[in-house]
Amino acid sequence: GISLNASVALTGEEYQSKWESISDADSIVSTIALRALPSTTDQVEKALAGMSVMTMASGELPGEFKFFLYAEDSNSGSTFLIQSNIEKTPDPLMIITMKVAGTGGGTDQQKVDQLIEMMSLALN
């Protein structure tokens, strides 16, 4: 399983360079159905920070919330880079594009699935 590092920290530059070093073809897209639309980005950030998914940046647009998130698996040293948006609709869906940095590959999908499940529990 994955165990998230509670003290991971990335700078904006590190985040950007890791994100750009991974091909878009290797990104994994997933969604989390939310029970309710968050009222603020802060609400989402606090819920995720509680499980060691950190926020690099976030913003609110008229129709959606946007988040740039990251987490590190203490077991493998893999870094999960996440770009996400939540559309402000009656049935809110968090759309997640995730890239995994620093792994030998192969087991990424399992780790990503676990992380998505953890995020889903934290947000609902």
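The values are calculated or read from the model by the stated rules, or taken from the named source; none is laboratory data. Remember, it's a predicted structure, so these values are computed and weren't measured experimentally. Neighbour counts are summed over all protein chains in view; Cβ atoms, including those assigned to glycine, are modelled from backbone coordinates with ideal geometry. These accessible areas exclude ligands, DNA and RNA; they are computed on the full protein's heavy atoms, side chains included. Shrake-Rupley method; radii C 1.70, N 1.55, O 1.52, S 1.80 Å.
Residue by residue, here is whether (1) touching a Leu at 6+ places or on another chain (Cβ under 7 Å); (2) open to solvent by less than 40 Å² (accessible area, probe 1.4 Å) holds:
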| position | (1), (2) |
| --- | --- |
| D42 | no, no |
| A49 | no, no |
| A57 | no, no |
| I82 | yes, yes |
| K88 | yes, no |
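The set of residues in the range 18-40 that are without any contact (Cβ under 8 Å) to a residue 24 or more places away in the chain and assigned to a helix (DSSP H, G or I) comprises E20, D24, A25.
Considering L123, L93, L61, L115, the condition of being out of contact with any Asp or Glu (no Cβ under 7 Å at 6 or more places or on another chain), open to solvent by 60 Å² or more (accessible area, probe 1.4 Å), of a type in the set (A, V, I, L, M, F, W, C) and on the phi < 0 side of the Ramachandran plot is satisfied by L61 alone.
On the stretch given as the range 1-21, residues that are crowded, with 16+ Cβ neighbours inside 10 Å and more than 18 Å from S74 (Cα to Cα) total 1.
Can we say V29 is on the phi < 0 side of the Ramachandran plot and crowded, with 16+ Cβ neighbours inside 10 Å? Break it down into steps so the answer makes sense when it comes.
Values: on the phi < 0 side of the Ramachandran plot: yes; crowded, with 16+ Cβ neighbours inside 10 Å: no.
Here the answer is no, as V29 does not meet what is asked.
Suppose we keep only residues that are among the small types (G, A, S) and part of a helix (DSSP H, G or I) within the range 1-17. Which one would you say is nearest to A57 (Cα to Cα)? Step by step, filter the range 1-17, then rank; the result is G12.
Every residue, every condition in (1) under 17 Å from E117 (Cβ atoms); (2) at pLDDT below 95; (3) basic (K, R), yes or no:
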position	(1), (2), (3)
L48	yes, no, no
V53	yes, no, no
M56	no, no, no
G59	no, no, no
S78	yes, yes, no
